[in-house]
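Inspection log for the structure reproduced underneath, given as structure tokens.
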Amino acid sequence: MLQISYDVFFRNLTGFDASPFQLRVADALLAEKNVILRAPTGSGKTWAVVAPFLYSVVARSPIADRLLYALPLRSLATSLFDSTCRDVGKCEFTSHLSPRIRIQTGEMKQDSLFEALVTFSTIDQLLSSYILHPVGLPKRCGNLNAGAALGSLICFDEFHLLDPQKSMATAIEMLDTVAVSNPLSRFVLMTATLATESMNWLADKLRAELIEVPPEEVKKLPSQQQKVRKYRWIDEPLSAAAVTKIHGGRRTIVIANSVARAQEIYEELRGDACRAILGPKTEIRLLHSRFFPSDRKAIESALGAWYGPKADQTDIVLVSTQVIEAGLDYSCDNLHTEIAPMNAVVQRAGRCARRRGETGTVWCYPLAQTVRGTPAYGPYSEMASLVDATTQELRKAVGSVATELSFHDELGFVDRVHTDWELGQLRPLDSLYAISRKVREAMDDDKPEAVRELIRDVSSINVLITDSPELVNFNKKQWPEMLSIPPMSLYRLFKTGDGGRDWIAKCAREQDVFQGGALVLEWELLVRSDQLASAGWLIAIHPSRAKYRDDIGLVIGKGGPAPEIRERDRPKIQRYSYFYETYGEHIRRVCAAGTRRDGENIVASRRLAKWMEMDESCLRGLLELLYQMHDVGKLSIEWQDAIWKWQVTKSGPVAEPRPPLAHSDYDPATDWTAKGYSRPPHAAEGAYAVIKLLEESLANVNPSVFTAALTAIVRHHGAFTSGLSHFRLISRASAFVAETMAKSADDIALCDAPSLRGQKSFSEYLLQATDPGQFKALILYMYFVRRLRIADQNSFSEK
């Protein structure tokens, strides 16, 4: 038991004293309240959440089973993960917890099941898990992660960056479901730039405590003391010449609204005219989203020497895009930005004069013009009115004279520009019926479009630049390193003429997939941009239409020499090894594995039991029933015949009587394509077999428990399983089940040989997420199926 106060713990963990707002957040979280926090960039919002959670864990009075910390960008998740692991590992009170801090993004998949104590993830990963369509997991695993939200502390950082009509709406619905209408979890929403009335709307809607930092307190924050940040308006588009003129050997960051613009400015800065003014020693770097991961990581690592907390170098110009708009702990003396919505401008300004004692200037520029003479809104075309309003505000309030602005001055701009627009997006969510309906429909059905409709369009195409895609190998051990690009970004490939004799692009069609992941591909010619929609997962671009350099990244629409194909380890396909295991052994091991995880679900168990008005011991008993009953379908004649047929091929004949098996010997490296390993389905069949037994066992509890438990058994191998096949149980099935439940066989009534009518009507017993009357069953199902599937997966560790 930790015997020190929170402020002492905070100082040991972070190296500095907690500010008043950080203490207020800690008080609210330790009292198990929900929080909405607005504080300046660089003020320590992350530690305001992470520190009290870790304190509660070390004090052995956890406020949550886990902290799910979600961010809109992979770069932000990676940055916070790295810094948190480092500081937690150094602290004497928390060093033992450092291995239990993980990251889960598309590039770094350390915690695909959200089992760590602290998981930094992207918002895509978290929200897609909630709607039962987790990105990055096989479809069959769709129901594994939703239950992780129960009993958790959920943090949405940089909340203002979410799409109000998709990811933000889904996040609000999720929080209402698991933390507000039903107090099973706790949450924190964090931002620096949401409008004041939007904050108030959220606090009222989600019944959360709103914590802000008043002006007098902002001045006393360590990051704000003796710091001066000025703004200037320049009434002509951003150019390399303007940047060069102002640089003066200091630390400069240039932020363009698109990758193409950033690349254009970078090349101009490296040209003879700008280099003659800057001098030969000035570093010029570029950072955006279209680098190979290894190149991007190398660039970000190197930039710390100029812009990081311990920077000791100067005379650098970094050209970038929105990838450094939020979260990255960079600070510069001059920041040049193309105009964007006001909240984005303020976020970008957070990379200028970020730390105590620094002075910096934010130089704001109007948009360049298109060939038609209209502003080039680029990624903000749907928010053009906000960009125009921001332009008017800055022109009027700042002008060409450098004007110092405080955090609250910046918030004033945000309020004037964004309030009406944000409220217009939020007020349709006064009633969550429409978004809840969409979420529940996604939970009920295997809808590939669910993530696109409810979170964001995550579709992308893998890209290679090569004039000979037919010679590129996709073998068992290595695949070429590829770039992931939104399809819309590739349209310009087809706007640069016919390319003479060169083809433009080819898409890959899989012909054969061999053991271990080797592919044989056929390459189909693409001649029109509309073909990109059906191009599949991989295209090759001819070097006459695109180029790549490790300093500039992917350039689309301009040719160059074909880059060398980089090989990397092929994507891992997770396949499990199995070993000979009788039915009774497997059930006992699943029960043991499930019980071993009880300590990781203390808070969820306590809150669920209270919510269901039952004792925690009753909830544990329900889980035990699931562990005992989940595989009864393997006691069918059809399943046992198939598994023993395979086992005999592996180990030779076995004398009768043979015990019923739960698993046979199976090596994925050699057996995964073997036809002899195929077995009939058993999950829904097992649920049908125990349906009467389950009804009898749950006769005295809420009917929602039966629906949740039965559905969890049916779907413990597939998120949307509903079909029931015909089966017959082996002669002593009741005796084998009775043995695992410590009961008499006379007390075990099992069902088998379902009629055709019974097979068709079986799905009526299952959970329907869209049925409002089954809401409690839905929440219980999320918890039950997660606990069951993880126990099933972990059962082999009991051997």
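The values are calculated or read from the model by the stated rules, or taken from the named source; none is laboratory data. Just so we're clear, the structure is a prediction, and the values are computed from it rather than from any experiment. Note that we place each Cβ from the backbone using ideal geometry, even for glycine, and neighbour counts take in every protein chain shown. Side chains included, ligands, DNA and RNA excluded: accessible areas come from the protein's heavy atoms. Shrake-Rupley method; radii C 1.70, N 1.55, O 1.52, S 1.80 Å.
Structure data summary
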item: Selection within region 694-734 - more than 21 Å from Lys760 (Cα to Cα), open to solvent by less than 30 Å² (accessible area, probe 1.4 Å) and in a helix (DSSP H, G or I); result: Ser704, Val705, Ala733
item: Odd one out for Gly499, checked against (1) at pLDDT 80 or above; (2) surrounded by 13 or more Cβ atoms within 10 Å (Cβ to Cβ); result: (1)
item: Restricting region 656-690 to residues that are in contact with a Ser or Thr (Cβ under 8 Å, 6 or more places away or on another chain), modelled with pLDDT of 85 or more and assigned to a strand (DSSP E or B), the residue that is farthest from Ser761 (Cα to Cα); result: Leu661
item: Identity of the residue in region 417-454, of a type in the set (S, T, N, Q) and closer than 17 Å to Asp204 by Cα, that ends up least open to solvent (accessible area, probe 1.4 Å); result: Thr419
item: For Trp523: the one exception among (1) modelled with pLDDT of 90 or more; (2) in a helix (DSSP H, G or I); (3) farther than 30 Å from Leu30 by Cβ; result: (2)
item: Residue list for region 704-731, restricted to those being touching a residue at least 60 places away in the same chain (Cβ under 8 Å) and under 29 Å from the mean Cα position of the chain (by Cα); result: Ala708, Ala709, Thr711, Ala712, Ile713, Arg715, His716, His717, Gly718, Ala719, Phe720
item: Within region 641-655, tally of residues that are in a helix (DSSP H, G or I) and free of Cβ contacts under 8 Å to residues at least 24 places away in the same chain; result: 4
item: Qualifying residue in region 156-174 (condition: in a strand (DSSP E or B) and of a type in the set (A, V, I, L, M, F, W, C)); result: yes
item: Subset of region 275-308 that is part of a helix (DSSP H, G or I) and of a type in the set (S, T, N, Q) - its residue that is least open to solvent (accessible area, probe 1.4 Å); result: Ser294
item: Any hit, region 199-213, residues being aromatic (Phe, Trp, Tyr), crowded, with 22+ Cβ neighbours inside 10 Å and either under 26 Å from the mean Cα position of the chain (by Cα) or within 28 Å of Thr370 (Cβ to Cβ) (or both); result: no
item: Residue count for region 462-489, restricted to those that are touching a residue at least 12 places away in the same chain (Cβ under 8 Å) and closer than 30 Å to Ile172 by Cα; result: 4
item: Which listed residue is in contact with a Lys or Arg (Cβ under 8 Å, 6 or more places away or on another chain), outside any strand (DSSP E or B) and among the acidic types (Asp, Glu), from Glu638, Glu624; result: Glu638
item: Region 119-144: number of residues that are out of contact with any Leu (no Cβ under 9 Å at 6 or more places or on another chain), open to solvent by less than 20 Å² (accessible area, probe 1.4 Å) and at pLDDT below 95; result: 1
item: Residue in region 302-322 that is touching a Gly at 6+ places or on another chain (Cβ under 9 Å) and closer than 20 Å to Arg261 by Cβ present; result: no
item: Lone qualifier among Arg528, Arg492 - being under 27 Å from Val259 (Cα atoms), at pLDDT 80 or above, more than 33 Å from the chain's Cα centre (by Cα) and open to solvent by 10 Å² or more (accessible area, probe 1.4 Å); result: Arg528
item: Complete set of residues in region 246-274 that are out of contact with any helix residue (DSSP H, G or I) (no Cβ under 8 Å at 6 or more places or on another chain) and open to solvent by 50 Å² or more (accessible area, probe 1.4 Å); result: Gly248, Arg250, Glu264, Glu267, Arg270, Asp272
item: Residue match in region 344-363 (condition: small (Gly, Ala, Ser) and farther than 20 Å from Gly42 by Cα); result: no
